[in-house]
Amino acid sequence: MKVLELKWRSIILFVFLLNYQFLGAQKTEIHFRVKEYQSEQLLDSVLVIDNSNSILGYSQNGFLSITTSSIGFIDVKFKKYGYNDLIVNHIHLIPQKIIEVNIELKPFFEKIPEVGIIVHQSENNPSNPVSSFYFTREEINMNPGAQGDIFRAISMLPGVSSSGGIYSAISVRGQGVRDNVYMVDGIPCTELGHLEGNSFFNDPNGGRFSIFAPRVIEGAEFQSGGFSAQYGRRSASYLGLAVKSGNSNNLITDGQVDLLGFNINIEGPIKGIKNTTFFLSARYQNFLALVNVVGLRDIGLPRYGDFIFKTNTTLNSKLKLSTLFIAAPERYTRDTTHVNEDKNLNLVYMPDFQRNKAIAGVNLRYQPNRNFMWKNILYYTGYFSDIRVDKAIPNTDSLGIRRNWNLTVLERLQEQNYQEHKWGARSLLDITLKPKIELSLGLESDYTYLYNKRVQNENDTQFIYYRGQNFGPNKYLVLMPQFVNTQQEKRGYNHSAYLEARFKLLDNLQLNMGCRADYTGFSEQLVGAPRMSVAWRLNATNSLGIAIGRYFQDPIYSDIADQIKNNPLKMERTDMWVLSYKKGLGSSWKLRVEYWKKQFEDLIVRPQAGYTFVQNGGTGNGQGLDFHISKKLNNKIGGIVSYSIMESNRVDFLGGLSYPFAFDQTHQFNFLVNYKVNSRIFVSLKYRYATGKPSDAFIIHRNVLNNPNMFRYSKEITGINQTRLPSFRSLDIRFNYDFRVRNVAFTGFMDIVNVANKQISNFENFNAYRGQAYFDGLAIFPTGGLKFEF
């Protein structure tokens, strides 16, 4: 692994020196290209002003070029009558380079754009019935505690929950981390995280880091509910991600080195291929240095990498072609040295996880005129894992103190090989029939192959069990191979179609009506999902909206692959409605208030903890109220304040008792402030608070093995989610200092999650050697380093 790190660092140094020798003058040229969204018509007379309100110029034939000798970053605002204002923050000035800023302005009362544009218009668009949030490349990168991760940046929005420093996966409005629609350049994806947990079964908390390095995502569009019929197969939220497109004028290189490793991004035109650009990103992260800094050498050694390559080609004025390839390997290991570092013996399992993710796609866009657009996407997604788990058995007394340092090791206690392959196609058509009528329709199909081989080589004693599920007088649970082992190979064809019509009934009233049909081959089930929304613009600054719809989602593929052939799983159903009020508070302040309500049917539940069998038997409901005030960074200061109150409940079986869902957090409060001290210094602070997650009620039993030489405690769960973990609190800080060495722009940064070093309680676990509960969660999580761009 050290050889690999040395190799990558040598590549970075070579690329740096290769570019450095050509740098000379101190001026930066910026090319602004301004178009209207959807029609892509170039816009004239767009006023462009900088963060000091100085006029930079007006666009002519959609273009404006300026030259500046300023250092650091600038913010730019675009204004045109009849269009939403747009602010582009933190444009990095690189000497002797041409920086391209591609703008798509949106007229008032048009539909929300699909992801893929470089920057987005005002977030408070009155034509959208429910709130949408947009993050640009720099907004993601500058979010404190996010460390450049889009999922960590989103986690401070109202109704969105993560698990602090250790997890990046998000749960939205009372649903789970696997209930969200993810689109990457129009490709539907289900797994976008690294290190999804160390449990042998599905980790409910999701991944720790996304597969996208800092400054890879150009723009992100997020809706926490009420999204249109175009998106399906998941029900909680929609997140569309656009990978960075390459610069068409010159080669630009940026990257960073920090405590975890490094990443490097290179973009520019491809010589010899007309009208074609590329973007290349490579990242390698190794946690060895970080766990030593924060004193967590007992957790094991995670490491992962990401490789992303994207091209864009303008074939002619009507046709555009883009390609995308992503490879994301990872490995997590834990051995006896890590167990010996764990003085409390909280974790005695020793996993060796090797996982790989792959995404590939081709997108052909045809637009003969402003009223017609046809997109066709071919894609492949893959997910592969090879897992081995050993188990250490220490020799301890009744207090959990080790009698000696000898460890008995059960080798290859558990093993699993899992593969998930999906080949798919999407064809999407947008048509404007009349000035006040628009249609969108689409067809989607995929072929999915699943393979799952799970082997447990001997009985595994579990000291956590639910009351009544221990099968006898023993106060512990024995996982037996015959209930765990499986070898399944499954294939399924899945098809979807949608139709949506948008009507401008009045100048200030828009009606959206749509329906989606989904067929899943694994359960041979066909479902229909009608949706409707209304947007009413009361005046220039106030609007009301309502969205009502039915949403279906596939079972998790790994759950499908675990089931025997005579146990097909149906799609889960969510009925949802959202009532929204939005208000503009000046040129850059926005207010949003939304009430939402959900009803869940056919939820997939696991009747016996620790075993693979699941079935559709759960129901549930949820409701909540979200408040959000935001100010775009303009001149010196920007920020966000959000508050959510919600409840989300589940009933596992008909006639069962209702209990709070695992991600139910009654109160959530987030506060973020960005402050630009000057052109070189940027400081950002974020505070997050949330009610503790639900936790089970339990009692503890002593010496359950009746063996003084193997003294063990057990935890009997007497009530599901009847108590709460400690409340979540985290103060995160990011500090940037920009400077230049000759013609190379550098940024030294420090990004710290949980500066106050408060224990973050994500999950309550149990120590069978001491008879004590403990929390799975990090405290302080610092990183810092040097970012460069030239």
What tally of residues in region 380-395 results from selecting those that are open to solvent by 20 Å² or more (accessible area, probe 1.4 Å), within 30 Å of Ile359 (Cβ to Cβ) and not acidic (Asp, Glu)? 5
From the option list Ser224, Ser228, Ser235, single residue qualifying as under 24 Å from Lys598 (Cα atoms), of a type outside the set (A, V, I, L, M, F, W, C), at pLDDT 90 or above and open to solvent by 10 Å² or more (accessible area, probe 1.4 Å) is Ser228
Of the residues Asp446, Asp430, Asp460, which is surrounded by 15 or more Cβ atoms within 10 Å (Cβ to Cβ) and within 18 Å of Asn369 (Cα to Cα)? Asp430
Residue list for region 137-155, filter: out of contact with any Gly (no Cβ under 6 Å at 6 or more places or on another chain), on the phi < 0 side of the Ramachandran plot and not charged (D, E, K, R): Ile140, Met142, Asn143, Pro144, Ala146, Ile150, Phe151, Ala153, Ile154, Ser155
If you scan region 487-516, which residues turn out to be exposed (fewer than 15 other Cβ atoms within 10 Å of the Cβ) and of a type in the set (Asp, Glu)? Glu489, Asp507
Across region 396-409, which residue is surrounded by the most Cβ atoms within 10 Å (Cβ to Cβ) among those that are free of Cβ contacts under 8 Å to residues at least 60 places away in the same chain and assigned to a strand (DSSP E or B)? Arg402
Only one residue in Pro568, Pro555 is touching a residue at least 40 places away in the same chain (Cβ under 8 Å), surrounded by 21 or more Cβ atoms within 10 Å (Cβ to Cβ) and not small (Gly, Ala, Ser). Which one? Pro555
Picking from Ile252, Ile266, Ile217, the residue that is out of contact with any Lys or Arg (no Cβ under 9 Å at 6 or more places or on another chain) and touching a residue at least 60 places away in the same chain (Cβ under 8 Å) would be Ile266
Evaluate region 702-710: report whether one residue or more is open to solvent by less than 60 Å² (accessible area, probe 1.4 Å), hydrophobic (A, V, I, L, M, F, W, C), touching a residue at least 60 places away in the same chain (Cβ under 8 Å) and under 22 Å from Arg403 (Cβ atoms). yes
Could you tell me whether Ile266 is of a type outside the set (Ser, Thr, Tyr), farther than 24 Å from Asp430 by Cβ and modelled with pLDDT of 90 or more? yes
Can we say Thr311 is without any contact (Cβ under 8 Å) to a residue 40 or more places away in the chain and β-branched (Val, Ile, Thr)? no
Kindly provide the set of residues from region 757-771 that are touching a residue at least 24 places away in the same chain (Cβ under 8 Å) and over 22 Å from the mean Cα position of the chain (by Cα), ordered by number. Lys758, Gln759, Glu764, Asn765, Phe766, Asn767, Ala768, Tyr769, Arg770, Gly771
Subset of region 667-697 [crowded, with 16+ Cβ neighbours inside 10 Å and of a type in the set (S, T, N, Q)]: Gln668, Asn670, Asn674, Ser684, Thr691, Ser695
In region 731-742, what count of residues is obtained for those that are surrounded by fewer than 19 Cβ atoms within 10 Å (Cβ to Cβ) and touching a residue at least 60 places away in the same chain (Cβ under 8 Å)? 3
Given (1) open to solvent by 50 Å² or more (accessible area, probe 1.4 Å); (2) farther than 30 Å from Asp386 by Cβ, Ser543 misses just (1)
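For every residue, the table says whether it meets (1) open to solvent by less than 10 Å² (accessible area, probe 1.4 Å); (2) in a strand (DSSP E or B); (3) modelled with pLDDT under 90.
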{"residue": "Asn721", "(1), (2), (3)": "no, yes, no"}
{"residue": "Ile752", "(1), (2), (3)": "no, yes, yes"}
{"residue": "Ile760", "(1), (2), (3)": "yes, no, yes"}
{"residue": "Tyr774", "(1), (2), (3)": "no, yes, yes"}
{"residue": "Phe788", "(1), (2), (3)": "no, yes, yes"}
Given the conditions (1) closer than 15 Å to Ser235 by Cβ; (2) of a type in the set (A, V, I, L, M); (3) open to solvent by less than 30 Å² (accessible area, probe 1.4 Å), every one holds for Ile548 apart from (3)
Can you tell me how many residues in region 469-486 are open to solvent by less than 70 Å² (accessible area, probe 1.4 Å) and either within 29 Å of the chain's Cα centre (by Cα) or among the hydrophobic types (A, V, I, L, M, F, W, C) (or both)? 5
So how many residues does region 583-601 have that are without any contact (Cβ under 8 Å) to a residue 40 or more places away in the chain and crowded, with 18+ Cβ neighbours inside 10 Å? 0
Answer with yes or no whether Arg33 is of a type outside the set (A, V, I, L, M) and at pLDDT 75 or above. yes
Give the residues of region 624-643 that are modelled with pLDDT of 95 or more and open to solvent by less than 50 Å² (accessible area, probe 1.4 Å), sorted by residue number. Gly624, Asp626
Under the condition of being acidic (Asp, Glu) and surrounded by fewer than 20 Cβ atoms within 10 Å (Cβ to Cβ), which residue from region 45-99 is nearest to Val683 (Cα to Cα)? Asp50
Could you please give the count of residues in region 434-460 that are without any contact (Cβ under 8 Å) to a residue 24 or more places away in the chain and assigned to a strand (DSSP E or B)? 1
Collect the residues in region 344-359 that are in contact with a Ser or Thr (Cβ under 9 Å, 6 or more places away or on another chain) and open to solvent by less than 30 Å² (accessible area, probe 1.4 Å), keeping them in residue-number order. Leu345, Met350, Pro351, Phe353, Arg355, Lys357, Ala358, Ile359
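The values are calculated or read from the model by the stated rules, or taken from the named source; none is laboratory data. Small disclaimer: the values here were computed from a predicted structure and weren't measured. When we count neighbours, we look across all protein chains shown, and the Cβ atoms used for this are built from the backbone with ideal geometry, even at glycine. All accessible areas refer to the heavy atoms of the entire protein, side chains included, with ligands and DNA or RNA removed. Shrake-Rupley method; radii C 1.70, N 1.55, O 1.52, S 1.80 Å.
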